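Notes follow once the structure below has been shown.
The values are calculated or read from the model by the stated rules, or taken from the named source; none is laboratory data. Computed from a predicted model, the values in this text were never measured in an experiment. A quick note on method: Cβ atoms are made from the backbone with ideal geometry, for glycine too, and the neighbour counts reach across all protein chains shown.
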Amino acid sequence: MILFLTIILTLGLFLFWLFRTPPIERYLEKDISNISANDHKQGILTEQDIADFPKQFRNYIRFTKAVGKPLVNNFRIAFEGDFALKIGSPFIKVKSVQYNSAIKPLRLFYLKTRIVGMPLYGRDSYADGTGQMWGRLLNSFPVFNESGEEFRISELVTYLNDAIIFCPAVFVNLKPQLQWEELDNNKLLVSFEDHGLRVSAELYFNDQHVLTNFITNDRFCENPVRGKNQPRYVRAKWSTPLSAEWQELDERMVPKRGRALWHLEEPGFCYADFQIRSFSVNNN
């Protein structure tokens, strides 16, 4: 009887360990702890700081209430919502947290969901010119681990997307890496360079100076019709249209909701539909 109870207890402890679900914030904090804060900027964002930007982008920065606030060194976001792992796949519920540096292009993104009842952890990152994406079942067993040129490009344009949507004041620190072209009164083309990479996107604004969409061809998705001798990843049109609802978090305006679509065919496949749970700047 004692042996039987010991076996049951041991099995229970093993299953508890196997299916435990540490919060994704724990892993993000571990990553952030390795980032130096010695090069952080001090001071207040002024009109002079944004004078070099096109008028559409200046107006957008003003709309976000960044002028008159501390210069941005980094920002953090937490999301929850629906996510499809592949084009055509059903939505699953996910939670995510991320950290973006404003001193140099650096992005750390953690996602957590459940597959057949078991926790799946994912991490996207861009740092020092390297892009990577991995997923681990039970945070222990690798499901995928991808890197290479496609992910360098994809992760850099995702960094650009995050910063433009959630914290455009970031680019006060990164002006030498930007190039702009005014396409019309409510449309800009922006190019961004880092570690020999160059990505670009079209930015759309409404008459109230609010960003409504970000569209790029500098992202790679998994080929849904992959055949023999065809690449696994293909460059595709990617957009992140924004709802008209914005909210004030940490004294700055950010969208309430964000979506991401692949446009291999029109009108596109929405694979992410997230609500913003929290947003903050200058966290370390």
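How many of the residues in the stretch 247-267 are surrounded by fewer than 18 Cβ atoms within 10 Å (Cβ to Cβ) and either within 20 Å of residue 63 (Cα to Cα) or modelled with pLDDT under 95 (or both)?
Here the count works out to 12.
Within the stretch 70-94, how many residues are surrounded by fewer than 17 Cβ atoms within 10 Å (Cβ to Cβ), under 20 Å from residue 256 (Cβ atoms) and of a type in the set (A, V, I, L, M, F, W, C)?
Total meeting the criteria: 1.
From the list 203, 261, which one is in contact (Cβ under 8 Å) with a residue 40 or more places away in the chain and farther than 23 Å from residue 129 by Cα? First the steps, then the outcome.
Details: 261 fails: in contact (Cβ under 8 Å) with a residue 40 or more places away in the chain.
Testing whether each residue is in contact (Cβ under 8 Å) with a residue 40 or more places away in the chain and farther than 23 Å from residue 129 by Cα leaves just 203.
From 217, 229, grab the single residue that is of a type outside the set (Ser, Thr, Tyr), in a strand (DSSP E or B) and without any contact (Cβ under 8 Å) to a residue 24 or more places away in the chain. Walk me through how you get there before you give the answer.
Details: 229 fails: in a strand (DSSP E or B).
Step by step, each of 217, 229 is checked, and only 217 is of a type outside the set (Ser, Thr, Tyr), in a strand (DSSP E or B) and without any contact (Cβ under 8 Å) to a residue 24 or more places away in the chain.
Could you check how many residues of the stretch 57-74 are basic (Lys, Arg) and closer than 29 Å to residue 27 by Cα?
Pass one, the stretch 57-74, residues basic (Lys, Arg): 58, 62, 65, 69.
From what is left, the residues that are closer than 29 Å to residue 27 by Cα are none.
Going through the stretch 57-74 one residue at a time, the tally reaches 0.
For residues in the stretch 30-64 being under 22 Å from the mean Cα position of the chain (by Cα) and of a type in the set (A, V, I, L, M), which is surrounded by the fewest Cβ atoms within 10 Å (Cβ to Cβ)? Step through it out loud before you land on a result.
At the first step, the residues of the stretch 30-64 found to be under 22 Å from the mean Cα position of the chain (by Cα) are 30-37, 40, 57, 60-61, 63-64.
Add one more test, that the residue is of a type in the set (A, V, I, L, M), and what stays is 32, 35, 37, 61.
Values: 32: 16, 35: 14, 37: 11, 61: 23.
Out of the qualifying residues, it is 37.
Residue 35 - would you say it is modelled with pLDDT under 95 and of a type in the set (A, V, I, L, M, F, W, C)?
On the way: modelled with pLDDT under 95: yes; of a type in the set (A, V, I, L, M, F, W, C): yes.
When the stated conditions are applied, residue 35 passes them.
Could you look through the stretch 201-229, keep only residues that are basic (Lys, Arg) and more than 25 Å from residue 255 (Cα to Cα), and pick out the one that is modelled with the lowest pLDDT?
Within the stretch 201-229, the first condition is being basic (Lys, Arg), and the residues that meet it are 219, 226, 228.
Next, from what is left, pick out any that are more than 25 Å from residue 255 (Cα to Cα): 226, 228.
Numbers: 226: 77, 228: 73.
Only one residue fits best here, namely 228.
Looking at 97, 67, can you tell me which residue is in contact with a helix residue (DSSP H, G or I) (Cβ under 6 Å, 6 or more places away or on another chain), surrounded by 15 or more Cβ atoms within 10 Å (Cβ to Cβ) and not acidic (Asp, Glu)? Walk me through how you get there before you give the answer.
Details: 67 fails: in contact with a helix residue (DSSP H, G or I) (Cβ under 6 Å, 6 or more places away or on another chain).
Of the residues listed, the single one that is in contact with a helix residue (DSSP H, G or I) (Cβ under 6 Å, 6 or more places away or on another chain), surrounded by 15 or more Cβ atoms within 10 Å (Cβ to Cβ) and not acidic (Asp, Glu) is 97.
Please tell me if residue 269 is among the hydrophobic types (A, V, I, L, M, F, W, C) and closer than 27 Å to residue 31 by Cα.
no
Would you tally the residues in the stretch 212-235 being out of contact with any helix residue (DSSP H, G or I) (no Cβ under 6 Å at 6 or more places or on another chain) and within 20 Å of residue 163 (Cα to Cα)?
Narrowing the stretch 212-235 to residues out of contact with any helix residue (DSSP H, G or I) (no Cβ under 6 Å at 6 or more places or on another chain): 212-213, 215, 217, 221-232, 234-235.
If we keep only those that are within 20 Å of residue 163 (Cα to Cα) as well, we get 212-213, 215, 217.
Going through the stretch 212-235 one residue at a time, the tally reaches 4.
Could you please let me know if residue 247 is free of Cβ contacts under 8 Å to residues at least 40 places away in the same chain and touching a Lys or Arg at 6+ places or on another chain (Cβ under 7 Å)?
On the way: free of Cβ contacts under 8 Å to residues at least 40 places away in the same chain: yes; touching a Lys or Arg at 6+ places or on another chain (Cβ under 7 Å): yes.
Yes, satisfied.
Those residues that are among the acidic types (Asp, Glu) and closer than 20 Å to residue 30 by Cβ, I need them from the stretch 75-123; list them, please. If you could, list the steps in order and put the result at the bottom.
Let us first name the residues in the stretch 75-123 that are among the acidic types (Asp, Glu), namely 80, 82.
Answer for the stretch 75-123, where residues must be among the acidic types (Asp, Glu) and closer than 20 Å to residue 30 by Cβ: there is none.
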